[in-house]
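Everything below concerns the one structure shown next.
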Amino acid sequence: MLSAVQVWNPDDWEFFAQTLLHARHGPLHVQKIPAAHKGDFGIDYYCTKDAVVYQCYAVNEPIDIAERAERQKNKITEDIGKIIKNHVEVGKLFHGVPIRHWVLMAPLHDSKDVNLHCAKKTKDLRGTNKPAFDTNVEVIIQDLDNFPDDVIARGISSLSKVNLSIPMPSQSELDTWAAGSSDLLSNATTKLKKRATSEDLDDVVSQVVRSFLQGNALLDALRSGSPDLHEKVMTAVKSHARRLKFAGPQSNGSAGQILNTELDALISAVRAEAPSLSTENAEQIAYGAICELIMRCPLDFPNVQ
């Protein structure tokens, strides 16, 4: 099953993390340390009430598990070093109350190697015997799974740009879908004979299936992560489908001309309804929706003369 991953830039992730922490601790209990003036002590946000500090970090997705884990471990090492170096000033921030948790806030945590590294850095932090740190202080990593779905959805709805990364379906995923969707595959093959040569037909049909699966995976990610944005996108998709079923294609030209016209119209409609969705995601959803319309019959092409 394909899964989409939000592509974060550092500023967006830090802003988004703040909304999560406000929900957890309350807005009046979360403070930010600006990095622009003499560094940030290895801290982005902190809460004196709960004696916890947070450092935000998002890798540049898409990336594999091993590389993500390595970069997260390096970030933890770097910033634990900062907080130890600046322990006197950090202690002043907490009014002499020892810090109990140092947390790396990441969009995705999926490697036990990072947990083991946190345990190592916990030992290092405890071993400093500095009054700024509780004797049982812990270094941990948390991701979106540590927060309620409704809090995440509210945070995503406040973003100026939502950009999801979705992998191409593997051959095994294509084969699994094809085995359970013979009627849809047959429809697509019959119609696409009007567009592709016999030599290209298999590749064209495979591309239609890939686009359909990618588009559905993006819609699933929006449905769970940003219901408001999903509803806006589906408004555009359903409206386009209703018009196509009622009036037919907007172009009377060749199969290629019909596809171009329908794709351009749906991309524009999705972007108009959901301007915070990235252009790439709007295009991927439109491609997927058009491919589904081909497979489910509302969209057809003239016979080749």
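Taken together, the values in this text are just the output of simple stated rules run on the coordinates, not laboratory data. This is a predicted model, so every value here is computed, not measured. Note that each Cβ is placed from the backbone with ideal geometry, even for glycine, and that neighbours are counted across all protein chains shown.
If you bin every alpha carbon distance in segment 5-150 into 5 Å steps from zero, what whole percent lands in each bin?
Bins of 5 Å from zero give 2, 10, 20, 24, 21, 15, 7, 2, 0 percent of pairs.
D for the chain, whole µm²/s, Stokes-Einstein with Kirkwood Rh over alpha-carbon pairs at 20 °C and 1.002 mPa s: what number?
On the way: Rh = 22.1 Å.
The Stokes-Einstein estimate is 97 µm²/s.
Going from the alpha-carbon gyration tensor of segment 213-296, what semi-axes, largest first and in whole Å, does one get by taking the root of 5 times each eigenvalue? Show your work: numbers first, answer last.
Working: eigenvalues 97, 28, 27 Å².
Equivalent ellipsoid semi-axes, largest first: 22, 12, 12 Å.
Can you bin segment 99-152 into rounded, prolate or oblate? Criterion: square roots of the alpha carbon gyration tensor eigenvalues sorted a ≥ b ≥ c, rounded for a/c under 1.5, prolate for a/b above b/c, oblate for the rest.
Values: a/c = 4.13, a/b = 1.77, b/c = 2.33.
Note, shape of segment 99-152 comes out oblate.
By the scheme Lys and Arg +1, Asp and Glu -1, what is the net charge of all other residues having a beta-carbon under 10 Å from that of residue 44?
Values: positive: 32; negative: 14, 40, 79.
That works out to -2.
Taking H placed 1.01 Å from N in the peptide plane, check which residues at least 5 places from residue 138 or on another chain put their amide H under 5 Å from its amide H.
Under 5 Å from the amide H of residue 138: 101, 102.
Positive end of the charge dipole of segment 68-194 (Lys, Arg +1 and Asp, Glu -1 on Cβ, about the Cα centre): tell me which of 192, 107, 170 has its Cα farthest that way.
107
Of 161/194; 49/85; 85/120; 161/245; 112/232; 193/232, which pairs sit farther than 28 Å apart, going by alpha carbon to alpha carbon?
On the way: 161/194 38 Å; 49/85 23 Å; 85/120 18 Å; 161/245 32 Å; 112/232 38 Å; 193/232 34 Å.
Among 161/194; 49/85; 85/120; 161/245; 112/232; 193/232, the Cα-Cα distance tops 28 Å for 161/194; 161/245; 112/232; 193/232.
Roughly what angle does helix 279-295 make with the longest principal axis of the chain, taking Cα atoms, 0 to 90 degrees, to the nearest 10?
In the chain, helix 279-295 runs at an angle near 40 degrees to the longest axis.
List the relative contact order of the chain as a percent without decimals, with contacts defined as Cα pairs under 8 Å and 6+ residues apart.
Working: 426 pairs, mean separation 55.1, N = 305.
After rounding, I find 18 percent.
List 202, 183, 12, 44 from most exposed to least, where exposure is judged by having the fewest other Cβ atoms within 10 Å. Each step should come with its number before you reach the end.
On the way: 202 12, 183 9, 12 17, 44 22.
Fewest-to-most Cβ neighbours within 10 Å comes out as 183, 202, 12, 44.
Could you give the angle, 0 to 90 degrees to the nearest 10, between helix 182-192's Cα long axis and the longest principal axis of the Cα atoms of the chain?
60
Counting other beta carbons within 10 Å of each residue's own, what order do 89, 273 fall into, fewest first?
Details: 89 12, 273 18.
Arranged by neighbour count, lowest to highest, 89, 273 become 89, 273.
Using each residue's phi in segment 46-59, evaluate 6.51 cos²θ - 1.76 cosθ + 1.60 at θ = phi - 60° and report the 3J(HN,Hα) Karplus result to the nearest Hz, with x for Gly and Pro.
So the Karplus estimates, Gly and Pro as x, are 8, 10, 5, 4, 9, 6, 10, 10, 10, 10, 9, 7, 10, 6 Hz.
Which whole-angstrom value gives the distance between the alpha carbon centres of segment 231-297 and segment 79-146?
49
For segment 231-275, which trypsin sites (Lys or Arg not before Pro) are both in a DSSP coil and crowded by at most 10 other Cβ atoms within 10 Å?
Details: sites: 232, 238, 242, 243, 245, 271; in loops: none.
The qualifying sites: there are none.
Determine the calculated [θ] at 222 nm for the chain from helices alone, applying -39500 (n - 2.57) to every DSSP H run no shorter than 4 residues and normalising by the residue count; nearest 500 deg cm²/dmol.
Numbers: 11 runs with 172 residues, N = 305.
The helix-only estimate for the chain comes to -18500 deg cm²/dmol at 222 nm.
Quick one: order 234, 105 by neighbouring beta-carbon count within 10 Å, fewest to most.
Working: 234 18, 105 25.
Least to most surrounded, the residues fall as 234, 105.
Note down the magnitude of the dipole of the chain about its Cα centre, charges +1 on Lys and Arg C-beta and -1 on Asp and Glu C-beta and zero elsewhere, to the nearest 20 debye. Each step should come with its number before you reach the end.
Numbers: 33 positive and 39 negative charges, 160 e Å.
Roughly 760 debye for the chain.
Can you tell me which aspartates and glutamates have their Cα less than 18 Å from the Cα of residue 238? Leave out same-chain residues fewer than eight positions away.
220, 228, 262, 264, 273, 283, 292, 300
Per Stokes-Einstein, at 20 °C and 1.002 mPa s, what whole-number D in µm² s⁻¹ belongs to segment 151-211, with the Kirkwood radius over Cα pairs as the hydrodynamic radius?
The calculation lands on 152 µm²/s.
Antiparallel as a % of all DSSP beta bridges within the chain, to the nearest 5? Present the calculation step by step, with values, prior to reporting the outcome.
Values: 7 of 19 bridges.
If we restrict to bridges inside the chain, about 35 percent are antiparallel.
Angle between the Cα long axis of helix 65-85 and the longest principal axis of the chain, 0 to 90 degrees, nearest 10?
Its long axis makes an angle of about 30 degrees.
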